[in-house]
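Beneath this line is the structure, given in structure tokens, with notes to follow.
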Amino acid sequence: MTLSTHSCVVKGKHEVEVISQRVTYQGEGTLVKISRGVICGSDLHYYQHGKVGNYAIQMPMILGHEVIGTVEKTNISVLKLGQKVAINPSKACGECQYCLADDTNQCLAMRFFGSAMMCPDVDGGGTQYKIVDSAQCVPFESSLDDRIMVFAEPLAVCLHALNQAGGVADKRVFVSGVGPIGCLLVAAAKASGAKEIICSDISARALALAENLGASVTLLADDEMMFYRAQKGFFDVSFEASGHPSALTRCIDVTRAKGCIVQVGMGGDIPQFPMMTVIAKALRIVGTFRFTHEFTTAVEWLASGTINPLALFSGEYSYREVDEALQFAGDKQRASKVQLVF
Ligand SMILES: [Zn+2]
Ligand SMILES: [Zn+2]
């Protein structure tokens, strides 16, 4: 079966286009009719800079890794035609040492939607029809709100970060930087039984959203945190989600001795890293990257209403208006999560 599909393609800095392509399904995997996608920070980076970190687009690439849709054709019986599915954008090889150890997010041959990390670039989900591995499809009830279910991927990122910290139940949690990921971290920490969740950000608007999603206290980034620095720090776990170097230094100050800091935001180098403080307080600083099994958990949490991320929904555009949608999503004064309808 061959279908024509319209795809949102990024060609370089500020160059995005809707193109017409053909998709041929030959009985392998699952053909999904994409219904909705969300613009993520990495999509914005490709649009604004033509690259994410050191990974520049090498050829026109379909954007997007946060997508849901319905099953059109499939090779497995657990999926039904018309079934709604959230698509896990990670396709791990299943054979390398990391896959065999269940650390699929570290796969040596990972093909992740809409990413220029591999050569050639891996196309994303910003298209009307896409063939994926059937294992990438996580079904959900058709009565559920698509605007909510499409948050599965960023929520999975947050659940993985929580796991990297060893959980947050009964803990005092600090979230530094409450963009969409920071806000979802707040919601996930709350749902996981955190005792207190305190957030900081430079934007009052972002802090209001964090409060909406469960923050106990919000602070502007230049507020003094003297109280939280006393006695070697206040927080059991800090999540640094802003990527700003000075924010990690602050986390090191306000996390109690033997506490844990998870670096979630894509940060740069820190010129004067306070190594002595890390050593003397015996802090554990860990990175976090994408997710593994947490994707399925994220779908379950959204389906059950454990987390409702709708406060982060800033509006939707037709895929034909992808350029406008990206511009709006890039305006952090106005937009959190902007969705595309296919
Ligand atoms: Zn994302
Ligand atoms: Zn692998």
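For this structure, a couple of remarks:
- Every test in (1) closer than 22 Å to Ala189 by Cβ; (2) open to solvent by 20 Å² or more (accessible area, probe 1.4 Å); (3) in contact with a Ser or Thr (Cβ under 8 Å, 6 or more places away or on another chain) is passed by Ile270 save one, and that test is (1).
- Annotation note: Cβ proximity below 9 Å between a residue of the range 21-40 that is within 16 Å of ligand 2 (Cβ to nearest atom) and a residue that is of a type outside the set (A, V, I, L, M, F, W, C) and part of a strand (DSSP E or B) (sequence gap 6+ or interchain) occurs for no pair.
- Those residues of the range 100-116 which are open to solvent by 10 Å² or more (accessible area, probe 1.4 Å) and either near ligand 2 (Cβ under 7 Å from one of its atoms) or of a type in the set (A, V, I, L, M, F, W, C) (or both), in sequence order: Leu100, Ala101, Thr104, Cys107, Leu108, Ala109, Met110, Phe112, Phe113
- Strands (runs of 3 or more DSSP E) contained entirely in the range 282-342, each with at least 2 residues that are over 26 Å from Tyr46 (Cβ atoms) and open to solvent by 50 Å² or more (accessible area, probe 1.4 Å): 284-287
- Condition met for Thr277 (polar (S, T, N, Q), in contact (Cβ under 8 Å) with a residue 24 or more places away in the chain and either farther than 23 Å from Thr249 by Cα or part of a strand (DSSP E or B) (or both)): no
- Only listed residue being within 14 Å of ligand 1 (Cβ to nearest atom) and either open to solvent by 80 Å² or more (accessible area, probe 1.4 Å) or modelled with pLDDT of 95 or more (or both), chosen from Ile39, Ile19, Ile34: Ile39
- Some residue of the range 183-199 being closer than 20 Å to Cys251 by Cβ, crowded, with 19+ Cβ neighbours inside 10 Å and touching an Asp or Glu at 6+ places or on another chain (Cβ under 6 Å): no
- Flag for Thr24 being farther than 26 Å from Ser336 by Cα, open to solvent by 40 Å² or more (accessible area, probe 1.4 Å) and of a type in the set (Val, Ile, Thr): yes
- Any hit, the range 83-91, residues being more than 16 Å from ligand 1 (Cβ to nearest atom), open to solvent by 10 Å² or more (accessible area, probe 1.4 Å) and modelled with pLDDT of 95 or more: yes
The values are calculated or read from the model by the stated rules, or taken from the named source; none is laboratory data. Just so it is clear, the structure is predicted and the values come from calculations on it, not from any experiment. All Cβ positions, glycine included, derive from the backbone under ideal geometry; neighbour counts span all protein chains shown. Just so you know, the surface numbers come from the protein's heavy atoms only, side chains and all, with ligands and any DNA or RNA stripped out. Shrake-Rupley method; radii C 1.70, N 1.55, O 1.52, S 1.80 Å.
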